[in-house]
Structure formats: structure tokens, C-alpha cells
Amino acid sequence: MTVQVSKSVSALDKINLDGPIFDPGAFRLNDEQAGIITTARELGQTVFAGRAAAYDRDAKFPTENYRDLHRTGLLGIAIPKKHGGLGAGYQTYAIAAAEIGRYCGATALTWNMHVCSTLWSGPLADDLDMDAETRAEHERRRAVHYKRIVEDGAIYSQPFSEGGAAAAGGVAFGTEAKPVEGGWIVNGKKIFASLSGHADYYGVLCTEIAEGEKASRRNTLYLALPAKSDGVSVVGDWDPLGMRGTVSRTLLFKDVFVAQDAALMPRGVYFQAAMRWPHMFLTLSPTYVGLAQAAYDFTVRYLRGEVPGTPPVKRRMYPTKQIAVAQMQIKLEQVKAIWFQAVTEARANPTKEQVLRAYAAQYSAMEGANEIATLAIRTCGGQAMLKSLPLERIYRDSRCGSLMLPWTAELCLDRIGREALYETGESDE
Ligand SMILES: Cc1cc2nc3c(=O)[nH]c(=O)nc-3n(C[C@H](O)[C@H](O)[C@H](O)COP(=O)(O)OP(=O)(O)OC[C@H]3O[C@@H](n4cnc5c(N)ncnc54)[C@H](O)[C@@H]3O)c2cc1C
């Protein structure tokens, strides 16, 4: 069958798969941003994509990828330049992470946990209120963490889930830090702790409680516990549906002493961030924007008969395929548009409209990635879902996005609905 294709729009002549998800010109990114994002994309495309299947199959942590992230400077992407990092802001990091997620979801998701330890203590903390003495102390402490990352390639994780209401932001964390001479004694348990057994430092969210005090969310501490400390153990197995390379096992802390320099944020600053910088919880979404793009790219390539390792059979001439690809493209552009706007306007003290948009962006990325991957499988057909090809992994990885606390898909719906209808403090009683 010969299909006549109109050539009236010259830009349509070139299908640029593996091009930037967000073209720097079209999305007005500057040269420095484009450079960092290109480094991430090229690393993902040329190196991480080839390793992703093995990490997934064996549920193995992507250690080799972390060496490459260190080698290319990306381990310190959000560390300020004066501390030896790349000095990327929120938007640049988010787009770079989407590019990594496109080629290896587990690497992007775990890299997010690591980067947040520098993003939250870095550019985000710079926006928050601290008196001069506290800020100077914070500056001294974060320099210690940044040096480890930049010079030694230290990897940080971010365990906050505990299986109760704390990770959703409802109550204080059950993991407790008791102040003692020179630091704290930490006791508690974290579930789904990505990078467990592989991070050098666990960035634990916990509640500081002195003898006789009641637990309060205001007293949340963000402490980087050395993984090799006495009293730290990793338990349980890890054999999940998707995101298998994250190795999100259970962490136990039994009377772990942690020194004062372990604080990634000063007292009270995490709580302030959660109240005033809500986009801090949107950082799990870039991985899934990347997965959405990956599912789309795969489908176009497959229908054009260009997927390596498959016979060069074209399937693009059927109108149903073309309609499905059109639906995927529309969905992808919708996800990209709202998400780009949300990561671009991330800041301290956002307006209510911006916060509702951030929830909507999170929901759109997390659910949208899986919708696109689902459509990709249906459209490409049985031969495309074999484990020798990346699509079924993309599909499984994408299913995990909407489960991530504190902004699960359900909680986003819950908050948008309530906050759209009620002002703070308003009730019907
Ligand atoms: C691959 C993967 C990696 C992860 N990595 C990390 C990590 O590195 N660090 C980390 O801290 N956590 C991590 N998590 C954990 C994740 O954020 C969740 O905590 C985890 O999935 C447990 O969720 P749950 O469904 O058991 O939670 P539950 O609290 O049992 O919630 C179940 C569902 O109920 C809904 N729900 C919960 N609370 C409310 C509420 N108050 N109102 C309305 N609905 C509610 C939510 O939609 C939620 O999905 C990871 C999870 C996965 C799948």
C-alpha cells in the first residue's frame, strides 16, 4: 500500500526522536541550562539506556550509573557553583531528570532522592527565613555535605515513608531524634527507602523530641545518617512490579548516634519549606515525564519499523495506529505543557493558583505517563511487549508514579477538590 503524505509543513519532514523533550529555543531555556540538560540526555541515551534492562531484571541498584553521574558533574547538579556543583536551579534540574527518566526510570527516581538533599538544602533553603547566625551555621554544614558529593561521589537518599500518615504530611514522623551532647540519638523505621544498602548517607526525616515533649511536625529534622553507623540496618526483600532498580527496602535505626553536622536543614526549616515551598514535593514527577516521552518515542519508532532488534516491518499505514499515535502525542503535549509551567513557577510562597497547578501537574505526569504507556502497548501489539524490548519496563515503571507520597494521585485529587472549594479555615458547620 502506498500512502501519500502531505509535505506542506517543512518542519514535519524530520522526526527527531531522542531530541530534547523540551527544545531550548521553543521553551526559552538559556545556553547554560541547555548544556546541563544535554549532558543528562546524552548520558541517558548513550549509556543508561543500554544498562536499564539488567538493573530492572535483577532489581539491582544502578551503581555504575552513579559513577557516571559523578564523572559528568550531575551528582552535584543542584549544588551551588561556589561549592563545586553545576549550580542548577529547580527548573533545570527537573528537565534534566526527565531526560534521565526517559532512558532509565530507576536511575532518575533515585537520583531525585539524592538531588533533593542538595536542592532542598541549597537553592530552596536560600529562599527561606533564617536569622544570620542560623544561616551561617547552615552554610558551614551544607558545605560538608556538598564536598563529600562533589569530591568523593557520595550518594544521599531520602527515606521519609513510614507506612503511617506522616509521609502524607498528616502527622509528625514516628522516627525520633532525641537531642544529646553533640548531636542526636535516632530510633525508627522507614519503608520503601530507595537506595537502601547503596547510599552513603540516608537523609532521614524525623521528629526531634526532648524528654517529656510531644511530637510535632514543626520539630521535623532532616538528618543525613552515615549508612555505616552502628544501629543502622537494611531488612526485607525487594521484588516489586516496577522501579526495580531503586532497591527500596526497609531501614531500621536503633539508637543511632548522629552528630550535629548531619543536619541538612536547621531546626524548623524543613517545616517552613513544606509550608512555603510546596513544589519541593513535585520533584518525583520529572522521572515520569521522561517515561511518557519514552513510551511515545518507542511507539513512533516501532510503527516505523525502526526499533533495533525487531524486523523492519512498518505498521504505520493503518489509520487506527495513526489515531492512537495522535492521541499519545496530544496527551504528551498536555503533560509537558502543564508540567513545564509548574516547574517554571516553582518558588517560595506560590499563589493558590500555582499550588493547585502543581498538584494538577503532578497528577497529569504520574497518571499521564501510564496512560501513554498503556496506549503504546495496545498500539504496538504483542511483539512489542516482550522483555527484550524496553516498552514493558516503561509500562511497569510508569505505574508506580501515582503511588508516591506525599503527592499520590489520590491525594492530589483530594487537595485540588477541597482547596478549590474551600478557603483556609472555611467549613460548612
Ligand atoms: C518505587 C518506589 C520507590 C519509593 N521510594 C521512596 C523513597 O525513596 N523514600 C520514601 O520515603 N518513600 C519512597 N516510596 C514510598 C512511597 O512514597 C509511599 O510511601 C509508598 O508507596 C507506600 O504507600 P502506601 O500505598 O503503602 O501508603 P498508604 O499510606 O497506605 O496509602 C495508600 C493510598 O491511600 C491514599 N492515602 C494515604 N493517605 C491519605 C490521606 N490522608 N487521605 C486520602 N488518601 C490517602 C494514597 O493515595 C495512597 O496511595 C517509594 C515507593 C515506590 C513504589
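Quick look at the numbers
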item	result
Single residue of region 176-201 satisfying the filter (more than 23 Å from the chain's Cα centre (by Cα) and not in a strand (DSSP E or B)) that is farthest from Leu241 (Cα to Cα)	Glu181
Residues of region 370-412 that turn out to be over 18 Å from Thr283 (Cα atoms) and either within 16 Å of the ligand (Cβ to nearest atom) or polar (S, T, N, Q) (or both), as a count	9
Residue in region 183-199 that is away from the ligand (no atom under 14 Å from the Cβ), closer than 23 Å to Arg267 by Cα, touching a Pro at 6+ places or on another chain (Cβ under 7 Å) and not aromatic (Phe, Trp, Tyr) present	no
Asp129 among the charged types (D, E, K, R), out of contact with any Cys (no Cβ under 6 Å at 6 or more places or on another chain) and either within 20 Å of Ala259 (Cβ to Cβ) or within 16 Å of the ligand (Cβ to nearest atom) (or both)	no
From Ala326, Ala348, Ala365, Ala342, residue being farther than 22 Å from Thr408 by Cβ and outside any loop (DSSP other than H, G, I, E, B)	Ala326
Selection from region 240-262 of residues that are open to solvent by less than 40 Å² (accessible area, probe 1.4 Å) and among the polar types (S, T, N, Q)	Thr246, Ser248, Thr250
Pick from region 103-122, criterion of a type in the set (Gly, Ala, Ser) and touching a Gly at 6+ places or on another chain (Cβ under 7 Å), ranking: nearest to the ligand (Cβ to nearest atom)	Ala106
Of the criteria (1) free of Cβ contacts under 8 Å to residues at least 60 places away in the same chain; (2) under 21 Å from the mean Cα position of the chain (by Cα); (3) assigned to a loop (DSSP other than H, G, I, E, B); (4) more than 9 Å from the ligand (Cβ to nearest atom), which one Val204 fails	(3)
Total residues in region 132-174, condition away from the ligand (no atom under 15 Å from the Cβ) and not acidic (Asp, Glu)	18
Some residue of region 87-106 being open to solvent by 10 Å² or more (accessible area, probe 1.4 Å) and either farther than 18 Å from Gly290 by Cβ or assigned to a loop (DSSP other than H, G, I, E, B) (or both)	yes
Qualifying residue in region 230-237 (condition: open to solvent by less than 10 Å² (accessible area, probe 1.4 Å), part of a strand (DSSP E or B) and under 30 Å from Tyr103 (Cα atoms))	no
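The values are calculated or read from the model by the stated rules, or taken from the named source; none is laboratory data. Computed from a predicted structure; not experimentally measured. Here the Cβ is made from the backbone with ideal geometry for all residues, glycine too, and neighbour counts use every protein chain on show. With ligands, DNA and RNA removed, areas are computed over all heavy atoms of the protein, side chains included. Shrake-Rupley method; radii C 1.70, N 1.55, O 1.52, S 1.80 Å.
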